[in-house]
1. Here is a list of conditions, (1) in contact (Cβ under 8 Å) with a residue 12 or more places away in the chain; (2) more than 22 Å from ILE354 (Cα to Cα); (3) open to solvent by less than 40 Å² (accessible area, probe 1.4 Å), and VAL450 meets all of them except one; can you say which number that is?
2. State all residues of the stretch 119-151 that are over 24 Å from ALA545 (Cβ atoms) and outside any helix (DSSP H, G or I); if no residue qualifies, say none.
3. Looking at the stretch 495-532, which of its residues are outside any helix (DSSP H, G or I) and among the β-branched types (Val, Ile, Thr)?
4. Return a yes/no flag: does the stretch 417-436 have any residue that is closer than 18 Å to ALA259 by Cβ, at pLDDT 85 or above and assigned to a helix (DSSP H, G or I).
5. I need a count of the residues in the stretch 217-272 that are of a type in the set (Val, Ile, Thr) and modelled with pLDDT of 90 or more.
6. Six or more apart or on different chains, Cβ under 8 Å: which pairs go from a residue in the stretch 291-303 that's under 11 Å from PHE97 (Cβ atoms) to one that's modelled with pLDDT of 75 or more and in a loop (DSSP other than H, G, I, E, B)? Could you list them?
7. Regarding the stretch 489-505, can at least one residue be identified that is within 25 Å of LEU227 (Cα to Cα), within 18 Å of the chain's Cα centre (by Cα) and among the acidic types (Asp, Glu)?
8. Residue by residue through the stretch 368-389, note down the ones that are more than 10 Å from GLU454 (Cβ to Cβ) and touching a residue at least 40 places away in the same chain (Cβ under 8 Å).
Amino acid sequence: MDGARLSPPPLLAVPMKLAPVFKQSLTLGPSGAVAGLVAAPIVALAVIAAEGSGDLWPHLVDYVLPRALSQTATLLAGVAALVLFLGIGTAWLVTSFDFRGRGVLEWALLLPLAVPTYVVAFAYLDVLHPVGPLQTGLRDLFGIADPRGLRLPDVRSMAGCILLLGFVLYPYVYLSTRAMFVLQPAAEIEAARILGAGPVRIFVHVMLPFARPGIAVGASLALMEALNDIGAAEFLGVRTLTVSVYSTWINRSSLPGAAQIALLMLAVVVTLILIERWGRRHRDEAVSSETTHAMPPRALGRWGGALALALGTLPVFLGFGVPAAYLVVETAKRLRLSGLPATILAETGNTIAIAAISTAVALLLGFGVAYAARLLPGRAATALARFASLGYAVPGTVLALGLLAPLAAFDNALDAAMRDLAGISTGLLLSGSGAALVYAYAARFLVIPVGGIEAGLSKISLTVDDTARTLGASTFQRLSRLHLPLLRPALAAATLLVFVDCMKELPATLLLRPLGFETLATHLYAEASRGTYEDGAVAALLIVAAGLLPVMLLARMGRGHEAPESPAGPVDNDGIR
């Protein structure tokens, strides 16, 4: 009887049972909506591709796809080999050996990340031109008057594209591999030395197997960037899948044909992610931080140290020094002769405005996804967070292409409804404005705030929440008084990274920008297409200057040996999710 007297009335029993379900739906609903927004372009792309490209498809199969697939595969294979060689080699150099200048070299090796691939191609096209500064200087040095008397290999080639992309993208492998080498248990290396193993044998048989998870993450990120590139490949005459998607849509006005090629790009992306996960399959090789202490680096003599410093400086010089110096010189020429380009201030304002709005949207959505996982931990919240972060794995061209049709359909439907109801036309409200760019930027770079905020929240003990809850603090009070103040470093880092990535993004901007809307990236693309390098140098230098900010942040984080984020999910300091 007592039990019956304490049970809730029948009318309240059902709502009480549904309360946890309602709470879960209320918490995870926004995360599900964000994941849906990220998935929408992919679904739309598949629907568009299924419509068929009609008479264009045989042409694509016979003439476009074979060349695009072959050149994409060759480019990715070449870039993979080069970034692995440079990234692993430089990471081994700065962690295994001690020499004068090593401390500066550790962070300087990250500098090529500040230069977008299309900016590097833009710079080297002029530097290595037959009448450019390098070949002209060599002919003057050797007394050769005829430009045809001394000709270096043309940079507009597959080999040139591989070299330029490799020297810009190797820091992805360097950063993650160095983090793994630093975490290498000293006991393993010491045991190998006692058994008589030399530096090379220790590197091959001890350090490389341990660092494989970090190497896989870094290589996958570098190849994602190479696949996403459109400017460098087009400037250098390499017909990749990305270039083929853009040209099929722009030159042939075939959205279904471009969508079909884009689906092949997604298949390549999925393959890269699977290869990355395969490379990290042996998780038991990782060790806990309690058993890990770094092995002191081996001191090199004067000449050995000088050689190590020269070898380590070479990729920094080619990937950052040459293009940065070129841009400074060309910008100075342009300012001295003609002043600032007439449109550069407006384009800078457009770039900052659209990047700032996109950053705010990405941070808001990313915070909602990450905080939902904090409030309601479990498989559902984790899965939604991972799914919402997959936009980074989708090339910008593919993402933009998937947005064109649904946004246009929404605009047309809204315009028709407003004409019927109010007699007014709304026009292209989304697809004809910057809203499409904001959508694309936020979806593509959402992984940065989600991963950064999740990492920040993981450092706040759950006992802090429990204590605040027992003191009567509501969810909002815990958020405003505890979590937000403690998350300021993570939020600041995410803001900076997203903002600069939005400034540098070229493929999505080319496809989705409103008519007459130019950014620094599209200005540079147009000047490079016309061959007016001095006019594009100012925009390129501004982009590089902005890109230096996150590199400085990464260099500071590198002192804590933090690994980069994988496109398939966040990576712990030991490289294992």
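The values are calculated or read from the model by the stated rules, or taken from the named source; none is laboratory data. Keep in mind the model is a prediction, meaning the values are calculated, not measured. Neighbour counts run over all protein chains shown; Cβ positions are idealised from the backbone, glycine included. All accessible areas refer to the heavy atoms of the entire protein, side chains included, with ligands and DNA or RNA removed. Shrake-Rupley method; radii C 1.70, N 1.55, O 1.52, S 1.80 Å.
1. That leaves (2) as the condition not met.
2. The answer is HIS129, PRO130, VAL131, GLY143, ILE144, ALA145, ASP146, LEU150, ARG151.
3. Restricting attention to the stretch 495-532, the residues satisfying the condition of being outside any helix (DSSP H, G or I) are 505-506, 513-519, 531-532.
If the condition is that a residue be outside any helix (DSSP H, G or I) and among the β-branched types (Val, Ile, Thr), then THR519, THR532 are the ones that fit.
4. To start, the set of residues in the stretch 417-436 that are closer than 18 Å to ALA259 by Cβ comprises 431, 436.
Subset that is at pLDDT 85 or above: 436.
Keeping just the survivors that are assigned to a helix (DSSP H, G or I) gives 436.
Yes - at least one qualifying residue is present in the stretch 417-436.
5. First, pick out the residues of the stretch 217-272 that are of a type in the set (Val, Ile, Thr): 217, 230, 238, 240, 242-243, 245, 248, 250, 261, 268-271.
In the following step, the residues that additionally are modelled with pLDDT of 90 or more were identified as 238, 240.
Within the stretch 217-272, residues that are of a type in the set (Val, Ile, Thr) and modelled with pLDDT of 90 or more number 2.
6. ALA299/PHE99; LEU300/PHE99
7. Looking for residues that are within 25 Å of LEU227 (Cα to Cα), within 18 Å of the chain's Cα centre (by Cα) and among the acidic types (Asp, Glu), one finds at least one in the stretch 489-505, hence yes.
8. To start, the set of residues in the stretch 368-389 that are more than 10 Å from GLU454 (Cβ to Cβ) comprises 368, 372, 375-381, 383-384, 386-388.
Hits for the stretch 368-389 are GLY368, ALA372, LEU375, LEU376, ALA380, ALA381, LEU384, ARG386, PHE387, ALA388.
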